[in-house]
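In what follows, a single structure is set out as structure tokens and then discussed.
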Amino acid sequence: MAPSWWGRDARANGGGGGGGTPVVVKMENPNWSISEVSASEVAAPDSPAGGGGGKAGRGKNARQITWVLLLKAHRAAGRLTGAASAALAVAAAARRRVAAGRTDSDVAPGENTALRARFYGCIRVFLVLSLLLLAVEVAAWLQGWHLEVDAGLLAVDGLFAAAYAGWMRARLDYLAPPLQFLTNACVVLFMIQSVDRLVLCLGCFWIRLKGIKPVPLAADKEDVEAGAEDFPMVLVQMPMCNEREVYQQSIGAVCSLDWPRSNFLVQVLDDSDDATTSALIKEEVEKWQREGVRIIYRHRVIRDGYKAGNLKSAMNCSYVKDYEFVVIFDADFQPQPDFLKRTVPHFKGKDDVGLVQARWSFVNKDENLLTRLQNINLCFHFEVEQQVNGAFLNFFGFNGTAGVWRIKALEDSGGWMERTTVEDMDIAVRAHLKGWKFVFLNDVECQCELPESYEAYRKQQHRWHSGPMQLFRLCFVDIIKSKIGFWKKFNLIFLFFLLRKLILPFYSFTLFCVILPMTMFVPEAELPAWVVCYIPATMSILNILPAPKSFPFIVPYLLFENTMSVTKFNAMISGLFQLGSAYEWVVTKKSGRSSEGDLVALVEKHSKQQRVGSAPNLDALTKEESNPKKDLKKKKHNRIYRKELALSFLLLTAAARSLLSAQGIHFYFLLFQGVSFLVVGLDLIGEQVE
């Protein structure tokens, strides 16, 4: 090989240490690493370090330099080839997506599409007008006309010159003032929200600096290892619906909780309408029952109220009165064995604590670009928002899972209600109005999954952003009439609901997807560069601090958040005005990703089943192997999202118009944001289904 040949040649030419600097080449696929070794390091023990070389020993050999340059060129060529292959793959995927013709208009029967059709129609009209204006501006620019009505333009004869002069007067007198007012209003809202984000980050920094952390009164090891009679009675609820991919490992994790078996009961609350899935879940429950776990299977035929109705039905069981606390785990959540021992003690001696919430961790956060960007958002949500609100206000939104409730607090707050799609936030607000306090544990994690496809993530975000507006309409009067203090009412109304649930999606969509492109066609209204670039970049840096390993994705994160503002704005409007799509409940699709430990346990379990080999299990496994493949072929595919695609063309058109005004920062922002919308519109960001 080349390295050994070069070593012989160097020794032959240089004798001792004067033949140049040997090069050690490590052949590591796909890149080669190069390290240079000095002559003193390879000299013989009995020879002087620099002897016999003269000037030849101090200089580099020409062949060595050539070899190093060739290796570096090979590495650069490999990277260029990889980038070209990736670009070709993306282009091929986009071509297949367009050829397939599947769009987001292919909805399920009975789904309300009126609002979505109107919203898409408005964007399409806006796009057509912007294309016409771009054509007019290019024609005017080619004629040498500038951005103001001057005597030279008025002296030009012709219909086009007169029409263009009239257009410039109209936008100066009638369009620019209201657009500038809307721009200034959105900038003010943007700054208020940025200040709120900065205050939250400072609060998180203060918590870390001072080591503020919830400490249970029963922190002694002796108390934790006390007898079974000292462990309170805990009810564990697992609501699920058609989640065949994850039920097995989640039930196994819950049944393995380190808590006296006589002191906790597991309720598997199955709302599945698929008979095969229900049979598999029931069989898994029966298996754990045979192993001595107190676990019950409940199935509802009619899914009234969705998850809230499921939990409400389970809480009406007669034996619930024997339990003091209830823990909720969604179907894809896998708690650690010590979860109860680290959460339940925070209730001891604190009769006013109604909820203890743990944070989430994600087994598939590095699966694709979409999951990486979601991880950034949720890390900030738990590390900053939940932790700061829990430490300083004793209130935050319940996350719907991985939390322990005092049953007395649930009953005092009115129990689960089916009036919104965010039953977790609903019960949290009502409990807060009753005076109950919440504790957030940032050091207690529960593993779960992130949506890997854009379709699943978009539906999840629609539910998460339409529900709070429903709830705000319903509980506004209750907040005003409640007996909590003024500042708590202010926090609930202005910060919790208006600023973070309504203003944020409103200004994000309006400012960057409507006002910014409009200012390119109406340049008399100005949007400062610091609003377009510097403040968003600063906020993105603050958001990414809780997930420092994701720092290379800061630019895609900024662009993707603006792209998702379309979905969030649409959801906010539908929830605020009680439109049909606000009541849609779609279970987030799971992929069944597991940690390495779960995979090992799953392999051992399947091998054990094969050795035992009962007929019913074989039938169930056969169905499990065959049916999902058929479902995937029929239902699972990537789509084209028309709103995002139309907005991409709109932003790219505005970017082209900005070149005529020589607005550098605006051009680059519009260009990259337009490309971001294009990638999302062609569904190239998440899971790719061949």
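Tabulated data for the structure shown
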{"read-out": "Count of segment 264-305 residues which are in contact with a strand residue (DSSP E or B) (Cβ under 9 Å, 6 or more places away or on another chain) and either among the small types (G, A, S) or in contact (Cβ under 8 Å) with a residue 60 or more places away in the chain (or both)", "value": "3"}
{"read-out": "Some residue of segment 67-85 being farther than 30 Å from A646 by Cα, at pLDDT 55 or above and not in a helix (DSSP H, G or I)", "value": "no"}
{"read-out": "Members of segment 644-659 found to be at pLDDT 90 or above and not hydrophobic (A, V, I, L, M, F, W, C), listed by number", "value": "E644, S648, T653"}
{"read-out": "Residue match in segment 475-490 (condition: touching a Cys at 6+ places or on another chain (Cβ under 9 Å), over 22 Å from K312 (Cβ atoms) and of a type in the set (A, V, I, L, M))", "value": "no"}
{"read-out": "Identity of the residue in segment 350-386, polar (S, T, N, Q) and modelled with pLDDT of 95 or more, that ends up nearest to I328 (Cα to Cα)", "value": "Q357"}
{"read-out": "Residue ID - surrounded by the most Cβ atoms within 10 Å (Cβ to Cβ), chosen from residues in segment 490-504 that are touching a residue at least 12 places away in the same chain (Cβ under 8 Å) and aromatic (F, W, Y)", "value": "F496"}
{"read-out": "Residue in segment 446-471 that is nearest to N638 (Cα to Cα), counting only those that are hydroxyl-bearing (S, T, Y) and assigned to a helix (DSSP H, G or I)", "value": "Y454"}
{"read-out": "Qualifying positions in segment 138-172 - surrounded by fewer than 17 Cβ atoms within 10 Å (Cβ to Cβ), part of a helix (DSSP H, G or I) and modelled with pLDDT under 75", "value": "A151, G152, L154, A155"}
{"read-out": "Selected residue (only one of E526, E561 is of a type in the set (D, E) and over 21 Å from the mean Cα position of the chain (by Cα))", "value": "E526"}
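The values are calculated or read from the model by the stated rules, or taken from the named source; none is laboratory data. All values reported here derive from a predicted model rather than from experimental measurement. Don't worry about glycine lacking a Cβ; one is built from the backbone with ideal geometry, like all the others, and counts go over all protein chains shown.
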